[in-house]
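Participant: Have a look at this one.
The values are calculated or read from the model by the stated rules, or taken from the named source; none is laboratory data. From a predicted model like this one, the values you see are computed outputs, not experimental measurements. Cβ sites come from the backbone with ideal geometry, for glycine too, and all protein chains shown count toward neighbours. For the accessible areas, the whole protein counts, side chains as well, though only heavy atoms, and no ligand, DNA or RNA atoms are used. Shrake-Rupley method; radii C 1.70, N 1.55, O 1.52, S 1.80 Å.
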Amino acid sequence: MKHQQLQYILGGFSKTYKMEHTRLFCEKLGLTFDPNKMADDQELIELLHKSFFASSADFTQAFRDMSETEIDSWLTTDSDDKWGLKKLNRVKRFKSFVEQYRTRLSQENTEDTERMQRMCERNPRYILRNWIAQQAIEKAEKGDFSEVQLLYEVLSRPYLKQDKAEQAGYANPVPEWSKELVVSCSS
């Protein structure tokens, strides 16, 4: 390939990446992607990103908490079972995000129940976290593959709330003992 061809291809990548990034975040937020509203949506998403960085909220859990919580309660949630959202709502920027987000939802004429359903379909309740993997590894090394089997079952349907996963604490905050834990791909 010629140098000019590569530059041309790479030149279009940035635009394509921004559009896809915006589309995916709109889906995570329960919004319909509209290329004509992309600049406003990018501003909204950037405000949410800044809120995440300022709060150090867990990305996955905060999105799931938003998915399972009525928007009117986002800024007042103080429940430990909504620990991702609880941390996020301590940041002033998040209030600005919520105000802009409400405006965006009203432009789509989206009811809160519909938003919650859309968000639950795009934001998993369970992901494989290092501490969960470490527990499964330790049990498996002792010949007990029950945790591996449970993980298989849970992660086969990560968007659905599951009693066994809740009992195992898979949607709980990271335990103190595992804060410095690093699990490699070869583990």
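Participant: Looking only at the range 60-81, filter to residues that are open to solvent by 30 Å² or more (accessible area, probe 1.4 Å) and within 13 Å of the chain's Cα centre (by Cα); which one of those is nearest to Asp112 (Cα to Cα)?
Facilitator: Initially, the range 60-81 is screened for residues open to solvent by 30 Å² or more (accessible area, probe 1.4 Å), giving 60, 68, 70, 72-73, 75-76, 78-81.
Subsequent filtering for residues that are within 13 Å of the chain's Cα centre (by Cα) retains 60, 68.
Numbers: Thr60: 20, Glu68: 10 Å.
Across the range 60-81, the extreme among qualifying residues is Glu68.
Participant: Listed residues Ser51, Ser14, Ser56; which is surrounded by 15 or more Cβ atoms within 10 Å (Cβ to Cβ) and over 15 Å from Met119 (Cβ atoms)?
Facilitator: Working: Ser14 fails: surrounded by 15 or more Cβ atoms within 10 Å (Cβ to Cβ); Ser56 fails: surrounded by 15 or more Cβ atoms within 10 Å (Cβ to Cβ).
Matching residue, one of Ser51, Ser14, Ser56: Ser51.
Participant: Within the range 87-102, can one find any residue that is more than 15 Å from the chain's Cα centre (by Cα), β-branched (Val, Ile, Thr), surrounded by 11 or more Cβ atoms within 10 Å (Cβ to Cβ) and part of a helix (DSSP H, G or I)?
Facilitator: Checked the range 87-102: at least one residue is more than 15 Å from the chain's Cα centre (by Cα), β-branched (Val, Ile, Thr), surrounded by 11 or more Cβ atoms within 10 Å (Cβ to Cβ) and part of a helix (DSSP H, G or I).
Participant: While we're on this one: Hey, among the residues in the range 28-59 that are under 16 Å from the mean Cα position of the chain (by Cα) and part of a loop (DSSP other than H, G, I, E, B), which one's nearest to Pro175 (Cα to Cα)?
Facilitator: Step by step, filter the range 28-59, then rank; the result is Asp58.
Participant: On to the next question. Name the residue that is surrounded by the fewest Cβ atoms within 10 Å (Cβ to Cβ), counting only residues in the range 131-170 that are within 26 Å of Met66 (Cβ to Cβ), among the aromatic types (Phe, Trp, Tyr) and modelled with pLDDT of 95 or more. Even if it seems obvious, please write down each step before you answer.
Facilitator: Start the filter on the range 131-170 by keeping residues that are within 26 Å of Met66 (Cβ to Cβ), which leaves 131-133, 151, 153-170.
Those still in the list that are among the aromatic types (Phe, Trp, Tyr) too: 131, 159, 170.
After this cut, where a residue has to be modelled with pLDDT of 95 or more as well, the list is 159, 170.
Working: Tyr159: 13, Tyr170: 21.
Selected residue: Tyr159.
Participant: Looking only at residues that are open to solvent by 40 Å² or more (accessible area, probe 1.4 Å) and part of a helix (DSSP H, G or I) in the range 117-130, which one is farthest from Ile71 (Cα to Cα)?
Facilitator: Initially, the range 117-130 is screened for residues open to solvent by 40 Å² or more (accessible area, probe 1.4 Å), giving 117-118, 121-122, 127-128, 130.
Subsequent filtering for residues that are part of a helix (DSSP H, G or I) retains 117-118, 121-122, 130.
Working: Gln117: 13, Arg118: 14, Glu121: 17, Arg122: 17, Asn130: 30 Å.
Applying the filter and picking the extreme gives Asn130.
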